[in-house]
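One structure is given below, encoded as structure tokens.
The values are calculated or read from the model by the stated rules, or taken from the named source; none is laboratory data. Just so we're clear, the structure is a prediction, and the values are computed from it rather than from any experiment. Backbone-built Cβ (ideal geometry, glycine too); neighbour counts: all protein chains shown.
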Amino acid sequence: DQQVKQNSPSLSVQEGRISILNCDYTNSMFDYFLWYKKYPAEGPTFLISISSIKDKNEDGRFTVFLNKSAKHLSLHIVPSQPGDSAVYFCAASGGGSGTYKYIFGTGTRLKVLA
Amino acid sequence: NAGVMQNPRHLVRRRGQEARLRCSPMKGHSHVYWYRQLPEEGLKFMVYLQKENIIDESGMPKERFSAEFPKEGPSILRIQQVVRGDSAAYFCASSPLPTGDEQYFGPGTRLTVT
């Protein structure tokens, strides 16, 4: 039972353009969402998060949007840079399973073309 | 401030042997989480520990797996009598907060069972 889904396994974007990574979830009780970036042979690195009381959070080139009614969140990277090429995981927590228990999606591999 | 450290980075075990994975949390962090990533999947929560206490082991397989976080020294994830299906990347994260809002991940241990 995949509670957090990233339906696009990969995405290619030209340098300077916008990258949009999508994530859907099924548990309406989730109240905290995060995006992590992962390079090969490294652990996930925290990127940005959003609480369910907000619908948008911005940090530099990264913006996360949350649509609770659609149970959907997205990560926008503008402008995309070659160093952004990595696997991006969305994660959710809450919903009675504990705020510390992150439920991860399967990841989207982003490739930014120079 | 050193990040979360895990060793070994790569571990090869034959079926039936024991695997011991170590995790040293970031300085000042007393909350440790273990996750497992099987090929082509997202990270899956296994266990949450505080010093000398297992808080939540709901993600741990019922048999052969155990975890500890002693008063002194690293957290240990122990897998007895390994089987091929245990081959995966095992990530440890640490947090300064019991809510787990800020989880910092280590580089992972890649376990291969031959």
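Worth pointing out:
- Residues that are free of Cβ contacts under 8 Å to residues at least 60 places away in the same chain and farther than 26 Å from B:T99 by Cβ are absent from the range A:91-112 altogether.
- Taking the numbered list (1) touching a Gly at 6+ places or on another chain (Cβ under 6 Å); (2) more than 8 Å from chain A (Cβ to nearest Cβ) in turn, B:F105 passes all entries but (2).
- Answer from A:K54, A:K71 - the residue that is more than 14 Å from every other protein chain (Cβ to nearest Cβ), basic (K, R), free of Cβ contacts under 8 Å to residues at least 60 places away in the same chain and in contact with a Phe, Trp or Tyr (Cβ under 7 Å, 6 or more places away or on another chain): A:K71
- Residue check, B:S58 without any contact (Cβ under 8 Å) to a residue 40 or more places away in the chain and either in contact with a Gly (Cβ under 7 Å, 6 or more places away or on another chain) or within 20 Å of A:A91 (Cβ to Cβ) (or both): yes
- When the range B:77-95 is filtered for residues that are over 17 Å from B:M5 (Cβ atoms) and either free of Cβ contacts under 8 Å to residues at least 60 places away in the same chain or within 13 Å of chain A (Cβ to nearest Cβ) (or both), the ones remaining, listed by number, are B:G85, B:S87, B:A88.
- The set of residues in the range B:1-22 being away from chain A (no Cβ under 14 Å), within 19 Å of B:E63 (Cβ to Cβ) and not charged (D, E, K, R) consists of B:G16, B:Q17, B:A19.
- Unique match (being more than 21 Å from A:V4 (Cα to Cα), in contact with a strand residue (DSSP E or B) (Cβ under 7 Å, 6 or more places away or on another chain) and away from chain A (no Cβ under 13 Å)) among B:P74, B:P98, B:P25: B:P74
- One residue stands out among those in the range A:74-114 that are within 8 Å of another protein chain (Cβ to nearest Cβ) and surrounded by fewer than 18 Cβ atoms within 10 Å (Cβ to Cβ): the one that is nearest to the chain's Cα centre (by Cα), which is A:T99.
- In the set (1) more than 10 Å from the chain's Cα centre (by Cα); (2) in contact (Cβ under 8 Å) with a residue 60 or more places away in the chain; (3) within 13 Å of another protein chain (Cβ to nearest Cβ), B:P39 fails one condition alone, (2).
- B:A88 satisfies every condition listed in (1) closer than 23 Å to A:I103 by Cα; (2) under 10 Å from the mean Cα position of the chain (by Cα) except (2).
- Within the range B:82-114, the only residue that satisfies the criterion of being assigned to a strand (DSSP E or B) and surrounded by fewer than 16 Cβ atoms within 10 Å (Cβ to Cβ) is B:T112.
- Restricting the range B:1-52 to residues that are closer than 18 Å to A:L34 by Cβ and assigned to a loop (DSSP other than H, G, I, E, B) leaves a set whose member that is modelled with the lowest pLDDT is B:E41.
- Residues (assigned to a loop (DSSP other than H, G, I, E, B) and within 14 Å of chain A (Cβ to nearest Cβ)) located in the range B:53-68: B:E57, B:S58, B:G59, B:M60
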